[in-house]
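Since the structure comes first, as structure tokens, the remarks are kept for the end.
The values are calculated or read from the model by the stated rules, or taken from the named source; none is laboratory data. In this text the structure is predicted, and so the values were computed from the model without any measurement. So basically every Cβ, Gly included, is an ideal-geometry build from the backbone, and we count neighbours across all protein chains shown. What goes into the accessible areas is simple: the full protein's heavy atoms, side chains included, and nothing from ligands, DNA or RNA. Shrake-Rupley method; radii C 1.70, N 1.55, O 1.52, S 1.80 Å.
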Amino acid sequence: MHVFCDFDGTITEQDTLVFLVVRLGGGPDHFRESERLLRERRLAPREVIARDVGSIRTPFREAAALLRAEVAIDPGFAPFAGWCAARGIPLTVLSAGLEEIVALYLPPAEFPALEVRANRLRPGSWECRFRDDSPFGHDKAAALRAARAQGRRTVLVGDGISDREPAAVADVVFARRGRSLAGYCAERGIGCQEFDTFHEVQRGVAERLGAAG
């Protein structure tokens, strides 16, 4: 088994990029305009991410301090990560957001077994460096396909639009209750278990691990 987990809005209780854009960047009107451009397909998701992140002018250190103070992570994630590590279950964070922000919440020293794959910032700037040429700048589904090719049973934990393609590939899907991924799975006939905390995800993975054994 290999567990793949989205970061913004899944591990974190709210989207860190949305928070930064609204509080420190272009503001609510800028964010609403980005949503409109995305909805009308006038901009690709990666272009919207670059537009939003590029609107931030606050130094990263100040932005990081505000994030830590006001945006929390699901209290069940750290226990879940430890549970996976103790059982030798690979756990990979797949994010269309920024690796530097993921590291604020999930520092390697505290999560040594955790792999993180995300977009990055050009050093000293709010300019995005995307992982690949895909619409989100990071093709999450490719990671799941590679794991399946290696004989792994894949589990996806997510919440939003960037999780749709990997959800269609995953063997098991956990979707944040009430978020867009859950609705997408229902519309497309993709089986998923909705959850409120990672404690539920851990129970669900444990049940499936027992069945597989």
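A few remarks follow.
- For the chain, the antiparallel share of DSSP beta bridges with both residues in that region comes to about 15%.
- Across the range 181-190, rounded Karplus estimates of 3J(HN,Hα) from the backbone phi angles (6.51 cos²θ - 1.76 cosθ + 1.60, θ = phi - 60°) give 5, 4, x, 4, 4, 5, 5, 8, x, 8 Hz, Gly and Pro being marked x.
- Accessible area of the chain belonging to carbon and sulfur atoms, whole % at 1.4 Å probe: 48
- Angle between the chain longest axis and helix 45-54 axis [Cα atoms, degrees, rounded to 10]: 50
- R0 of 45 Å, Cβ-Cβ distance Glu207-Ala109: FRET efficiency to nearest 0.05: 0.90
- Computed helical MRE - 222 nm, the chain, DSSP H runs ≥ 4 contributing -39500 (n - 2.57), nearest 500: -14000 deg cm²/dmol
- Estimated FRET transfer efficiency when R0 is 22 angstrom, pair Ser125-Ala78 (beta carbons, to 0.05): 0.10
- Glu200-Gln150 FRET efficiency (beta carbon distance; Förster radius 25 Å; 0.05 resolution): 0.35
- Think of it this way: in the chain, Cys5, Cys84, Cys128 stand alone, with no other Cys Cβ under 4.7 Å.
- Expressed as a fraction of 2.2 N^0.38 Å, the C-alpha radius of gyration for the range 79-131 is 1.26.
- Taking all protein chains into account, the per residue accessible area for the chain stands at 48 Å² (1.4 Å probe).
- Ala69-Arg23 pseudo-label distance in nm [points 7 Å out on the Cα-to-Cβ vector]: 0.8
- Judged by the mean number of other Cβ atoms found within 10 Å, the most tightly packed of the peptides 18-31, 152-165 leads the ranking 152-165, 18-31.
- Highest-first packing order for the peptide set 50-57, 105-112, 174-181 is 174-181, 50-57, 105-112, based on the mean count of other beta carbon atoms within 10 Å.
- Across the range 5-35, the residues whose backbone nitrogen lies under 13 Å from the label position 7 Å along the beta-carbon direction of Arg57 are 24-27.
- Cα lying deepest toward the dipole's positive end in the chain, options Val157, Ser180, Pro135, charges on Cβ: Pro135
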